[in-house]
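Visitor: The structure is given below, and queries will be raised subsequently.
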């Protein structure tokens with residue numbers, strides 16, 4: 001997310017110059033961070049479920065898949081995205097419009 005904020009500095013400056021509040025920018029980047037992390041968590045859970053179905057067929061091992069760990073894994077992934085998205089989002093919200101527009 002830090003790289004995303006840095007790459008989109010001019011967009012942030014333009015939005016601020018057009019009247020976006022720091023709260024708007026904070027919300028935008030936090031939603032983006034949570035969405036990316038949630039999708040990554042779902043893909044990770046999908047890979048784990050696939051492995052959980054393939055392992056018993058390839059080896060003589062019993063695998064039990066319950067919904068609770070799956071839900072916890074997706075929630076933790078989204079939570080980590082929010083936690084590590086707060087600093088870049090706050091940094092974007094504090095940017096001065098003129099300085100942000102001047103950045104390359």
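The values are calculated or read from the model by the stated rules, or taken from the named source; none is laboratory data. Keep in mind it's a predicted model, so treat the numbers as computed, not measured. So basically every Cβ, Gly included, is an ideal-geometry build from the backbone, and we count neighbours across all protein chains shown.
Visitor: Filter the stretch 1-25 down to the residues that are buried (at least 18 other Cβ atoms within 10 Å of the Cβ) and under 13 Å from the mean Cα position of the chain (by Cα), then identify the one that is nearest to residue 85 (Cα to Cα).
Guide: By that ranking, first place goes to 1.
Visitor: Right, here's the next one. Given the condition surrounded by 11 or more Cβ atoms within 10 Å (Cβ to Cβ) and over 19 Å from residue 4 (Cα atoms), answer yes or no: does some residue in the stretch 75-83 qualify?
Guide: Yes, the conditions are met somewhere in the stretch 75-83.
Visitor: Taking the stretch 49-104 on its own, how many of its residues are over 30 Å from residue 11 (Cβ atoms), out of contact with any helix residue (DSSP H, G or I) (no Cβ under 7 Å at 6 or more places or on another chain) and part of a loop (DSSP other than H, G, I, E, B)?
Guide: Result for the stretch 49-104: 4.
Visitor: Among the residues of the stretch 26-50, what is the count of those that are within 21 Å of residue 98 (Cα to Cα) and under 9 Å from the mean Cα position of the chain (by Cα)?
Guide: Result for the stretch 26-50: 1.
Visitor: Pairs under 6 Å by beta carbon, first residue closer than 18 Å to residue 47 by Cβ in the stretch 71-97, partner modelled with pLDDT under 85 and surrounded by fewer than 15 Cβ atoms within 10 Å (Cβ to Cβ), six or more apart or different chains?
Guide: As it stands, the answer is none, since no pair meets every condition given.
Visitor: Ok, one more. Output the number of residues of the stretch 46-72 satisfying the condition of being within 30 Å of residue 24 (Cα to Cα) and surrounded by 15 or more Cβ atoms within 10 Å (Cβ to Cβ). Talk me through it step by step, then tell me what you get.
Guide: Keep residues of the stretch 46-72 that are within 30 Å of residue 24 (Cα to Cα), which gives 71-72.
Right, trim to surrounded by 15 or more Cβ atoms within 10 Å (Cβ to Cβ) and you get none.
Residues in the stretch 46-72 being within 30 Å of residue 24 (Cα to Cα) and surrounded by 15 or more Cβ atoms within 10 Å (Cβ to Cβ): 0 in total.
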